Structure formats: structure tokens, C-alpha cells
Amino acid sequence: MLNIDTIASQAKDIAGKLNISKYDVSGSSIDSTSAQVDQGEPKQVKASQRSSVTVRVWNADGTVGITSTSDTDEAGLELALKTAHEASAFGAKDNIPDFSPEATAALADAKHERHDPAPVSTLLEKLVAAEKELLDAHEAIESVPYNGLSQTDTQRFYFNSNGAVRSEGGTYISTYLYTKTAQEGRRPRSAGAYRVAYGLEQLDIDGCIKETAEKTISHLDYEKIESGKYTVVFSPEAFLSLVGAFSNMFNAQSILDNRSLSTAESLGTEVAKSTLSIYDDALHSANVGATTFDGEGTPTRRVPLIEKGVLSGFLHSSGTAKRMGAEPTGHANMGAKITVSPHFYHITGNGEGDQSLSLETADNVVYIDELSALHAGVQALQGSFSLPFDGWLIKNGKKVSVESATVAGDFREVLKAIVQVDKEEKLSPSGVAPHVWVEGLSVTGE
């Protein structure tokens, strides 16, 4: 992996030769290996080693130039600094970015582990066994067309001419399995599951196989659903997908660009039922990819977005924080333009509110396991959505798979129509969340 102290020292020497007094550098280095199989044979094996470095340089007039490179050696760094310095003459003169005021502040502790990569042969062996077990789970399961094991060793860094030097890294491995069925006279059905861990020996492949098989089999006996208004239970993954689709509600840059469901004056207003709280928490103990600083070197932290139904905070870079009179939150991404994005959502009910609703006893309730076509079915600036879903209609506690249907509504109305946030929370790729019950959503059968 990269020696960040050496790179920072080289940058300082090069900047001195080029008469550059103010600069910063953000980057990462990633080594990854992934494998896929098809009918017991290797389908694809990929290995990559890639680096990305973004350099900003301020000139004597205070304007900024920025450039990116994949070269982390001394020659590549020199060219990047020189190019950014030349570009600074054309830098914007409004809302000029600056170093984060927290670029040298103490970082929180976060769990990182580094494991030796497993041989590709081991990855293929694990996947072939998983595929076979799924094919044997039911005669209707024809294939596992989407599957994979991917292991990654990553290192991130940030340093600037004021003496800030930050670096972190670790390994993680993930797997996904997604089936397809074939039955005469019946529609193909599919289902999948995902798991992630720091190393292969910790990865719950058996749990992934079991969840995939159970979901797939439960979808075989499907029925049409009548269109109408239903109480809907979103799975943790589905509700996280919905929140992510409307993340502009919490994004300070989107607010400043007038491309958000919120305004600066929205803080402190009630936007959801009091049983719901949403946080962005890069340091959450369940986040295998935890990060302690953002692209500007700002420490990450647990940021309340909605607390007990009240809009409590926005995600900031140092630039948006300065413009809105707030503190940076550690959500900046360095690039041609500084952007703001979430790290890891934690959705919770804090154990509060009525917990009388149960999937075991529910009747005429739609359970949405997975939302599809979010790129096409979401109007992020209007708040509306109309999305196909995989799920079940629950009748007296029994799940009956829905043949094909869409759910539609307005995200802001969904937040205010929540009737229960369950206590138990589950890990997914984008965060941790419980089941969320919402009344009065429109479901259209097809």
C-alpha cells in the first residue's frame, strides 16, 4: 500500500519548487479481486489495482485549480500540482473553497481490519458450492445468474500544505446470490441476498444461501393483487432504498442549488411521525467500510437528519457549512466540484411507539421486500415515486407472493403516514434499518 508520509513529503518539496504555497491532496488506492460462476464453472474472474488522486492548488489571487490523476509516483504528483496551478488562473471567483477548518482535528476511533486475500480458487470453490446448494434447494430454481464474491483492500488519504496528514485502510469481502426459477406455465421468479464482512472466514455465506432460497421458494406460488390502498411494510433494504432515492432532502449542496425537497428554513420542522429517526453514521459499528474522514479531511461523525420526526440536520462539506452558517459534517467528496453524499444510514424507532403490529398476525398488508427501477420511477425534486416491487400480500399472517405490482406515493407523505417502526434492525449495503409500516399507500396490480 501507499506510504502517505512519503507522498506528503514529496508534494511539499515539489510545491516548493513550483512556488505553490497552498494545496491539498485527496486520494485512494484499491486492490480488488472478484469471481463469478455459472453452472459450476468459472464465469468471470477479475483483479484490479487502481489509484485515484485529486489535487487542488490555490494561486496568489486565491482562486483554485483542480486536477485528478491515477499516478501516485513523484512524477505524477508533480504533473498534477503543476496542472492544478495552471488551472487556478481560471478558477471560479464566487464561493471559493478553502481548507476544512477541521482538517487537523482529532479523528474518532473506527474499527478497521486487514485480512490476507483468499486465493481465487477458494472464492470459486465457495461460489460453486453455494450455487449447487441453491439449485438443489428446489426443483424450480433453474439458475443463479447473478452471483459473486468480491474482496477489496482499500486505503484512503488526505493531506494539505497546513500540515494535515490523514490515512486509513482495511479489507472487506462481500457476496451476493440471486436466483431465477423456471416452471411450465408460470412466470420466472427471482430473489437474492447479500452479506459483507472484514474477511472470508467471517463471511456468512450459509446465511446468504438460506435467505436466498427461502425468498425464492416463497415467490413460487404467486397471485395477482387487487389495486387499492394498503398498509405497507417496507423491509429494511426497501426503506433504505426509498430514503436514498430522496437523499436531496438532507443534502446541503442540493439545498443551495435549489434541487432539494428541503430549504434552509426547513430545519426544526416536523417532517415525519415522532417514532422515526434517521442518522447518517459513517462510524456505526455495523459499517464494515467505516471511514473517519471525508475528502477534505473533515472528521466523520453521527449526524442526526431526522430525530423523533423533526428535521434536525443536513449533510455538509466545509463550503456548504460556511455558506449556511453551520459546521462541516464530514460528507465532502473531492472532484472537479466538491460534492456532498451520505456514508451509512441508521434508521431507528429508538424502541418507541406502538409495537402491536406483527408480520405473524397481519392481515391484508403488503410486505415490500425490494424496490426496482428507482432510476426511472422516482421524481426526486417533486417527492413522488411509482416503483415496481417484489413482495408479498400477507393474509392472516401467511405470505402470498405478489405476481407483479407497483407502489406509488409521495415521500413526504410516507414519512407522515408511518404507523410503526419495528425494534429489530438489519444490516444492508447502505445502512442499518428496521421494518417500517406505512398506511394508505397506493398499490397497483398488473
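Can you work out which of the residues in the range 430-445 that are closer than 30 Å to V196 by Cα and in contact with a helix residue (DSSP H, G or I) (Cβ under 8 Å, 6 or more places away or on another chain) is surrounded by the fewest Cβ atoms within 10 Å (Cβ to Cβ)?
S430
Could you tell me how many of the residues in the range 276-327 are over 30 Å from I418 (Cβ atoms) and of a type in the set (K, R)?
Counting residues in the range 276-327 that are over 30 Å from I418 (Cβ atoms) and of a type in the set (K, R) gives 2.
Can you tell me which of E168, E131 is closer than 30 Å to P299 by Cβ and of a type in the set (D, E)? Show your work before the answer.
Working: E131 fails: closer than 30 Å to P299 by Cβ.
Going through E168, E131 in turn, just one is closer than 30 Å to P299 by Cβ and of a type in the set (D, E): E168.
Output the residues belonging to the range 319-372 that are in a loop (DSSP other than H, G, I, E, B), charged (D, E, K, R) and under 25 Å from P304 (Cβ atoms). First the steps, then the outcome.
Of all residues in the range 319-372, those in a loop (DSSP other than H, G, I, E, B) come to 325-331, 334-338, 341-344, 349-364, 372.
So of that shortlist, the ones also charged (D, E, K, R) come out as 327, 337, 352, 354, 360, 363.
Across the range 319-372, the qualifying residues are E327, E352, D354.
Does T179 satisfy the criteria of being in contact with a Gly (Cβ under 8 Å, 6 or more places away or on another chain), of a type in the set (S, T, Y), surrounded by 20 or more Cβ atoms within 10 Å (Cβ to Cβ) and free of Cβ contacts under 8 Å to residues at least 60 places away in the same chain? So that I can check it myself, show each step before the final result.
Working: in contact with a Gly (Cβ under 8 Å, 6 or more places away or on another chain): yes; of a type in the set (S, T, Y): yes; surrounded by 20 or more Cβ atoms within 10 Å (Cβ to Cβ): yes; free of Cβ contacts under 8 Å to residues at least 60 places away in the same chain: yes.
Yes; evaluated as a whole, the condition is true for this residue.
Yes/no matrix, rows are residues, columns are (1) of a type in the set (G, A, S); (2) buried (at least 18 other Cβ atoms within 10 Å of the Cβ); (3) on the phi < 0 side of the Ramachandran plot:
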site: R195; (1), (2), (3): no, yes, yes
site: L200; (1), (2), (3): no, yes, yes
site: I209; (1), (2), (3): no, yes, yes
site: K215; (1), (2), (3): no, yes, yes
site: Y222; (1), (2), (3): no, no, yes
site: V232; (1), (2), (3): no, yes, yes
site: P236; (1), (2), (3): no, yes, yes
site: S241; (1), (2), (3): yes, yes, yes
site: S254; (1), (2), (3): yes, yes, yes
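For the range 135-142, does any single residue satisfy the condition of being modelled with pLDDT of 95 or more and part of a strand (DSSP E or B)?
Restricting attention to the range 135-142, the residues satisfying the condition of being modelled with pLDDT of 95 or more are 135-142.
Narrowing the set further to residues that are part of a strand (DSSP E or B) leaves 141-142.
Yes, the range 135-142 contains a residue that is modelled with pLDDT of 95 or more and part of a strand (DSSP E or B).
Please go through (1) part of a loop (DSSP other than H, G, I, E, B); (2) touching a strand residue (DSSP E or B) at 6+ places or on another chain (Cβ under 6 Å); (3) more than 22 Å from L374 (Cβ to Cβ) for A290 and return the number of the only condition it doesn't satisfy.
(2)
In the range 111-127, what count of residues is obtained for those that are surrounded by fewer than 18 Cβ atoms within 10 Å (Cβ to Cβ) and either outside any helix (DSSP H, G or I) or in contact (Cβ under 8 Å) with a residue 60 or more places away in the chain (or both)?
Of the residues in that region, 9 qualify.
When the range 213-239 is examined, which residues are found to be within 19 Å of R186 (Cβ to Cβ) and either touching a strand residue (DSSP E or B) at 6+ places or on another chain (Cβ under 6 Å) or among the polar types (S, T, N, Q) (or both)?
Across the range 213-239, the qualifying residues are K215, T216, S218, H219, Y222, E223, K224, I225.
The values are calculated or read from the model by the stated rules, or taken from the named source; none is laboratory data. Just so it is clear, the structure is predicted and the values come from calculations on it, not from any experiment. Positions of Cβ are generated from backbone atoms using ideal geometry, with glycine treated the same way; all protein chains shown enter the neighbour counts.
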